[in-house]
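Every number in this text was worked out from the coordinates using simple rules, so none of it is lab data. No experiment lies behind these values; they were computed from the predicted model shown. FYI the Cβ positions are ideal-geometry reconstructions off the backbone, even for glycines, and counts take in every protein chain you see.
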Amino acid sequence: MFHHRAAGGREKSENNQSRSLLLIFYDLILFIFTNVFTFFLHHATTSRYGVRIFILQGLSIFACLLICRLVMGVYKQIWRYGGSFAYLSLIVADAVATLVYTLLQSIPWALPLPRVYPFSILSLNLLVTLLIRHLYQYTYENAGQASPFGRALRVLARCLAGLKIKTTAGVSHTGGKAKKINVAIVGAGRVGVMLADELLRNPRSSYEPCCFIDIDTAKIGRRILGVPVLSGEEATQKRLDAFAVQEVIFALPPKPAEDIKQLYEYYSTMGCKLKVYDFPIREAEPGDKRRLRDFDIEDLLFRKPLQFTDDATSAFYQGKCVLISGGGGSIGSELCHQIAKMSPRQIIILDVNENDTYNLQQKMRLAYGDKLDLRIEIASVCDREALDQIFDRYRPEVVLHAAAHKHVPLMEHNCCEAVKNNVFGTLNMVRAAEKAGVDKFIMISTDKAVNPTNVMGATKRMCEMIVQSRTGTATRFSATRFGNVLGSNGSVIPLFKRQIRKGGPVTLTDKRIIRYFMTIPEASQLVLQSGAMAKNGELYVLDMGKPVKILDLAENMIRLSGFEPYKDIDIIETGLRPGEKLYEELLIKSEELDKTENEMIFIERDKPLEMDEIDRKLDILREALSTQDDAAVRRALMEVVPTYHSPDEVNAAAVSLLNGQKPLDA
C-alpha cells in the first residue's frame, strides 16, 4: 500500500510538472509574439540594432519574467479556477520583473536598446497573458454547453490545453434539455455574490440566478456578474413573474430576527419556495460549512437562537461520569452530543428503546471514535433491580433523567402505564441515585405540568414534587421545565411535513391553540446549564418569549414548501384531543420568580412538600394502580396533584380570557 501511494504521489507530481512546463511553453510563445510585435512597433528606433541584440534583449527580459513568476508561484496556480489572488500574483510578478530589468539596464554592460522598449514589451505581454488566462478560464467554464458555441470552445480547449471537457450543462440524464430553476437572491453583498458566482460557474448547477434584491442604493439598477440588482420595492410579484422566478434564496449576513421575519412574510406571499444560503464568515466548527438549504422550521421562531452553555457549564461536566436516562430520544440524544463536547470521563445511555439507542451509538462512534467512553444499557426505569445494578456498576456523578412517556393522547388511554413509567420510574431513578451517591440529579419536565389538564402533565407534576422533596439527602436534585420542542419525536412538525408531502390537508385540533416553542439544542443546553447551577430542590423555568399560534406555524410550513395555504393545501380543524388545552403556561405563579445568573433562566418559588407527604401521595397512586383501572388512576392523580383540572374547565377559562382580550398569563 505504501508503494502504491508513493507511486501515485510521483505520478501526480510528474503530472503537475508537465502542466507547469506546458504553461511556461505557452508563455514563451506569447512572449515571442509580443516581442516581435513590439520590435516592429518601435522599428524606427530598433532597426539600427542587429538581430543578435534583439534576441539577447528578449531572452534577458523573459528570464526576469520567468524567475519572478516562479518565485510568486504563478505556475502552481490552477488557472481554470483562477481568482483575484492568482491574477494579482501574476501582476505583481511582472511588476517585479520590470523593476529588476530596469535595474539591470543601469549597469555599464547592459544591452544598448532604448529604455522604453522593455516597458512596451512587458506591458503588452502582461496584457496578453491576462487576456489568454481569462479566455482559458471562460473556455473551461462554458465548454460544457451542448451548443455550437460550446463545441467550438471544447475544440479550442483540446487544441490549446489538451483538455477533454464533457458536455454537462443543460443536459439531463435522459439526454433531454434540462431546465434550470430560476432564483432570486435576496442580498447582493459578499454572501449573495459568492452564491451567484458559484451557481454561474458550476455547469451542473440546477439553479439560474435571475436577479439580486438589495437595499444598497449604490448597487440598485446595476449588474453584478451580469445579474441585475433590484430594490425591495421593485421586487414585486409582477417583476418576479417576469423573471420566471421559482425560488427565493436568502443570502444575508446575520440580521435581527424581526428583519428576517418581515422579509419572510413578504416573499412567502409570492408563491415561490424559500431557501437559505448559509455561508459563515468565520467557521466556528469543522462542520459549520456553507450550504444551500430549505428554510428550516426552527427559522420560523424568528428569534436569535438562545445559547445557555458557557465555560462554567462545560467545566462542570468535564471529567465526570454522566448517566442519561431516555438517552435514545430526541432530547436525550442531543444531551449526549452536547456533553460529548465537554470532555466527560464517561457517558452512560440508559434506554429501553434499543433501535434509537443503537443509532445514537453509531453516530457517536463515527463522530468521536475512541476519544469518547460511551456505554449503552438497555433497561426500563420501572425495573428497580436493573437500575440498582447499573448505578452500582458505573457510579455516575451526574444523572439527567429524560425517560418518560410523553404523548398526551396515548397516555389519556393508558393512565396506568403513564403513572408506572413516569411517576414510579422517576422514584426508582431517584432512589438508585441516592443509594449510589450521585452528586446531582436533574429531571427534565414540561410546561404541561403547569395546571395540567391531562394524565401526562399530571404525572410530570408529580415527578417534580418527588424531586423537590428530596432536599435532605446528599444528592442534589433539581427539575428543568420547558415548552414544546421543535422537531422532537411526536411533535406536530413531522406530522405537518408528512401531510404537506401528501398534498394535504393539514390538520389542526383547534386553530386557536397557542404554544411555546424552542429548538432541541436550546432545550438541551438549558438542561445542562440549569443542572450545573443547581444547588438543591430548584425548579428551573425558561423565559421562552412570545408563544406561537399553531395555525401560523402550519401556514408558514405550507408556504415554505412552495404552496399557498387554503388554495393549494387546505387546513382543517379536527377538534381538541382528550386532555388537550388551548394554551400552555410555563409557570404556576408567574409573579413569584427568582432570577439566576442567566437572564433567560428563572427559578419557580414552589414550596417543596415533605417526604412524608410525598409518600402518602405515592401510596394513593399505588392503591389505584392495583385496580388496573384507568378511571381510578385518573381520580387518584387529581387527588394527589391539586392543580390537575379537567380540560373543559381550563379551556373555558382560556376562551373567556381571549374573548375579553386579556393576556393569557393574567
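Structure notes:
- Order of K275, K567 - criterion: other Cβ atoms within 10 Å of each residue's Cβ, fewest first: K567, K275
- Label separation (D278 vs Y266): 2.5 nm, computed from points 7 Å beyond Cα along the C-beta direction.
- Electrostatic tally near V381: other residues with Cβ closer than 10 Å to its Cβ, Lys and Arg +1, Asp and Glu -1, net 0.
- Shown for T269, T475: other C-beta atoms within 10 Å of each C-beta, ranked fewest to most, produce the order T269, T475.
- Multiplying each eigenvalue of the alpha-carbon gyration tensor of the stretch 181-295 by 5 and taking the square root yields semi-axes of 21, 17, 14 Å, largest first, rounded to whole angstroms.
- Taking I324, I67, I376, I466 and counting other C-beta atoms within 10 Å, the order from fewest to most: I67, I376, I466, I324
- Here's how it looks for G562: its modeled amide H is under 5 Å from those of L274, which are all 5 or more places away or on a different chain.
- Relative to the 2.2 N^0.38 Å rule of thumb, the stretch 395-487 has a C-alpha radius of gyration ratio of 1.07.
- Inter-site label distance for D259 and K179 at 7 Å from Cα along Cβ, in nm: 3.6 nm
- Eligible aspartates and glutamates near K273 by straight Cα distance, threshold 16 Å, same-chain separation 8 or greater: E208, D241, E247, E265, D294, D296, D299, E555, E564, D568
- All-pairs alpha carbon distance profile, the stretch 369-524, 5 Å steps from 0, percent: 1, 8, 15, 18, 18, 15, 11, 6, 4, 2, 1, 0
- All-pairs Cα distance distribution in the stretch 212-256, expressed in whole percent, bin size 5 Å: 5, 19, 28, 30, 14, 4, 0
- Charge context of V193, other residues only, Cβ under 11 angstrom, K/R +1, D/E -1: -1
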